[in-house]
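What follows is one structure encoded as structure tokens, with my remarks underneath.
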Amino acid sequence: MKYTILALAVLAVSLPVSAVNGPCTANGTPGVCISTSSCSSGGGQSFSGLCPNDPADVRCCVKTSCGAGGNCRFTSSCTTGNTAGGLCPGPATFQCCLPASGGGGGGGGSGGCPPVSAATINMIKSFEKFVPSPAPDPVGKLTVGYGHKCIQPGCSEAGPFPLTEAGAVALMHRDLRIATTCLSPAISSTVRLNDNQFGALADWAFNVGCGAMRRSTLVSRLNSGENPNTVAAQELPKWNVAEGHVSNGLIRRRAAEVVLFQTASSVIAHPC
């Protein structure tokens, strides 16, 4: 009997367990220890017995598919170095590990594509107030940093809080990478856009969301070969409604995007 108890004790000590928001492995797949509700809301699958006593319904959460051919894992274990935030449940360091970029467009500074322009970053910062800890925006949605829309309960994917301004800018770049990763394939490779034009559209996509951007008349008109400056001037101002009401803030933001879009530049950002 004593030997059985001892063997069980040794086995218990040897089992790989982790702390909340720490790494875990389920069936050879890397995961993170988070609550089952956070896992399921982020599209993951929970496995029991792999986190310490599963406190407060915490289990090993894995998500085997994200982005374009990626999988969720801690950034430190992403061998390609090509990661995108906001696509995986869990803390900010648990991200979508994407295949190495071969220059297919993304506006995020990898694979030979230029990063989103400084003019774009400055424009976003002029419209998005720096919020160091999660707080409701004017329409009641929880945001943090420079306009990051919280995904997980308590915005755990963006913490810890309070954010520094540098941390908020880094979070903005991750959000923009998601927007540009969606934007680039939506726009035909026959459409040439400089970094200011692409940046203005990245801000718009960042603001309205990937699905709305893809379904838009703006993208349809660009892909049909119409003059980009004309399309932007006519279509961007239409996106001025929030929660069913015309927003003066969105009117100003769309106007600023049109100005940026029509600012000349010799740097080609799409296709790249």
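We did not get these values from a lab; they are worked out from the coordinates using the rules stated. Quantities reported herein were computed from a predicted structural model and do not represent experimental measurements. Positions of Cβ are generated from backbone atoms using ideal geometry, with glycine treated the same way; all protein chains shown enter the neighbour counts.
So the values come out like this:
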{"read-out": "Proximal aspartates and glutamates relative to Lys125, as straight alpha-carbon distance under 16 Å, when same-chain residues fewer than 8 apart are discounted", "value": "Asp137, Glu165, Asp175, Asp203, Glu257"}
{"read-out": "Nonlocal amide H pairs with Trp239, under 5 Å, H built at 1.01 Å", "value": "none"}
{"read-out": "Distant-in-sequence amide H partners of Ala269 (H built 1.01 Å from N, under 5 Å)", "value": "Leu193, Asn194, Asp195"}
{"read-out": "Descending Cα extents along the principal axes, segment 177-272, whole Å", "value": "37, 26, 25"}
{"read-out": "Where the Cα pairs of segment 59-100 fall when distances are cut into 5 Å bins, in %", "value": "6, 32, 37, 20, 5, 1"}
{"read-out": "For peptides 132-140, 169-177, 41-49, sequence by mean Cβ density within 10 Å, most packed first", "value": "169-177, 41-49, 132-140"}
{"read-out": "For the chain, alpha-carbon Rg relative to the globular expectation (2.2 N^0.38 Å, N residues)", "value": "1.16"}
{"read-out": "Eligible lysines near Lys141 by straight Cα distance, threshold 17 Å, same-chain separation 8 or greater", "value": "Lys129, Lys149"}
{"read-out": "Magnitude of the charge dipole, the chain, Cβ model with Lys/Arg +1 and Asp/Glu -1, debye to 20", "value": "180"}
{"read-out": "Ellipticity estimate at 222 nm from DSSP helix runs (n ≥ 4, -39,500 (n - 2.57)) divided over the chain, nearest 500", "value": "-11000 deg cm²/dmol"}
